[in-house]
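Q: First the structure, then my questions, so here it is.
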Amino acid sequence: MTSWPNERQAIDNMVKKFGGEGSVFAIVMDSYDYDNALTKVLPAVAAAHKKKGGTMVLRPDSGDPVECILSALKAGEANFNTRKNMKGFKVRKHKEQGGLLARRCSLSECTAFLRSLLIYFSHALLDDF
């Protein structure tokens, strides 16, 4: 990511080089400015990604894990097609191009992180986060 002058050029390159039907590629979203990447860059590259195809995995690697994941989920929902399933959970629409989310963490971090997310989402179902 940081070998490119900015996130937009880096992500455009990733879409062009690794996108395509059936492909899965991960993008580190916080190399420069995480909020900018989610709110400005992701919307700017979403159409090209949908046209090219494949699954883009948004990968925040630093910051508060819960806040980073929630921000990425909201950005993904805003830029890729989602729907609510029968249980009320938001999911990516089947067979449509879109994004997924991954977070790197140690085992001890993951336990606390998953606990925090479960608590958040159990409350968020009531508020439609």
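Q: Rank these for me by crowding, VAL24, VAL45, VAL66, going from fewest to most other beta carbons within 10 Å.
A: In order of increasing Cβ crowding within 10 Å: VAL24, VAL66, VAL45.
Q: Sticking with this one: When only DSSP loop residues count, what GluC sites (Glu not before Pro) in segment 1-95 have their Cβ near at most 13 other Cβ atoms within 10 Å?
A: GLU21
Q: Could you list LEU70, LEU58 in order of exposure, starting from the residue whose Cβ has the fewest other Cβ atoms within 10 Å?
A: LEU70, LEU58
Q: Under the 0.36 nm per residue contour assumption, what length would be gained going from the current alpha-carbon distance of LYS16 and LYS74 to full extension?
A: Answer, rounded to one decimal: 18.5 nm.
Q: Further, regarding this structure: Sticking with the crude label model, points 7 Å out along Cα→Cβ, report the distance from ARG83 to LYS40 in nm, one decimal please.
A: For ARG83 paired with LYS40, the spin-label model returns 3.5 nm.
Q: Then there is this: Quick check on the exposure proxy: order PHE80, PHE18 from fewest to most C-beta atoms within 10 angstrom.
A: If I rank by nearby Cβ atoms, fewest first, I get PHE18, PHE80.
Q: For MET29, list long-range residues whose amide hydrogen, built 1.01 Å from N in the peptide plane, is under 5 Å from its own amide hydrogen.
A: ARG59, ASP61
Q: Which of the trypsin sites (Lys or Arg not before Pro) found in segment 1-90 are in a DSSP loop and have at most 14 neighbouring Cβ atoms, other than their own, within 10 Å?
A: LYS87
Just so you know, all these numbers are worked out from the coordinates, no wet-lab data involved. Because the structure is predicted, anything quoted here is derived from the model rather than measured. Neighbour counts are summed over all protein chains in view; Cβ atoms, including those assigned to glycine, are modelled from backbone coordinates with ideal geometry.
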